[in-house]
1. Which distance in Å, rounded to a whole number, links the C-alpha centroids of the stretch 195-241 and the stretch 260-306?
2. So what is the calculated 222 nm ellipticity per residue for the chain, using -39500 (n - 2.57) for each DSSP H run with n of 4 or more, over all residues, to the nearest 500 deg cm²/dmol?
3. Can you sort 330, 365 by how many other beta carbons sit within 10 Å, fewest first?
4. Between (1) 25.9; (2) 23.3; (3) 21.3, which matches Kirkwood radius over Cα pairs in Å calculated for the structure shown?
5. Can you give the relative contact order of the stretch 48-246 as a percent, counting alpha carbon pairs under 8 Å and 6+ residues apart?
6. Roughly how many Å is it from the Cα centre of the stretch 311-363 to that of the stretch 101-176, as a whole number?
7. Against the longest alpha carbon principal axis of the chain, how many degrees, from 0 to 90 and to the nearest 10, is the axis of helix 279-290 turned?
8. For the chain, take the longest principal axis of its alpha carbons; what is the angle in degrees between that and the long axis of helix 308-330, to the nearest 10 within 0 to 90?
């Protein structure tokens, strides 16, 4: 099973007991509360996804620093964390090969972990460059490229976390905004990074906190692409679960099929415990349900990874967790909420691609 699995409610199981959820929710209740003001809204359709279980074949990596004492980019395991992690180059550029052009409105989400004993406050952290797509990617330089762009530098270290936004090279001031937080990075913890673009407007979140909010970050109307870069004095920065999503022309409401569907409710690995960054999607679901009357079925769906029977059971448990979360945090009437789990039996896309599997991991809310 993947780290991210979504659920859909569909037929008629009424939840009688919430004991399973209550035990799990107590573990995450403080974090969930911290995310209650998190206003990041994820895109509705995944256009690129990589959890690095298949290696680095989706990426072009150009390493600038190949000294023998520097650990090269590779896939590694992180102590006490699930999944596969991309150890990025100490100095270099890298980009997802399939991402040629970014939508006008999109989101990027990923998990980041750093070895703070190896990181330094000097030079850069992880730089995400949203750059005009006429750029020659393999020749890109954060210091010299003159194409329209914004560079978002997320730089954790043992003593300091800073986020900085920089625009293209030209004569004049390049820094658009910067925020420094002393002890802003929780040592040994995975941090969720969330970035949104809506036209010229860029927002950057680390965990539940909004670090950058720049209304005119991309003033030049052109097509943009994505390049990631590093120029670190230290080392030890890791990524996984990188997801790029676009927004389809649908509102947060029941559609013509009486469904509201989200792929932005996230769960712990092989678990029904809801991750705290799911709060905005759950808030949307609560608003949609409260906007109407009658029963609503919550249906959980998974991709095809893993055992069929296990997927079916997990999807139902996740639907149960969603129902309990909505009742506890948004005070929905329990008698209106039904649950079901479909496992991998109703894919909306092929499970042969990572993006298809990401879109199949979803929760559906179906008006009865």
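Derivation of every value follows stated rules applied to the coordinates shown; laboratory data play no part. Just so it is clear, the model here is predicted, and its values are computed rather than measured. Cβ coordinates were reconstructed from backbone atoms using ideal geometry, including for glycine residues, and neighbour counts include every protein chain displayed.
1. If we compute the Cα centre of each part, the gap is 26 Å.
2. Only helices count here, giving -5000 deg cm²/dmol.
3. In increasing order of surrounding Cβ atoms, one gets 330, 365.
4. Recomputing Kirkwood radius over Cα pairs in Å here gives the entry labelled (3).
5. Relative contact order here is 33 percent.
6. Result: 35 Å between the Cα centres.
7. In the chain, helix 279-290 runs at an angle near 30 degrees to the longest axis.
8. Between the helix axis and the principal axis of the chain, the angle is about 90 degrees.
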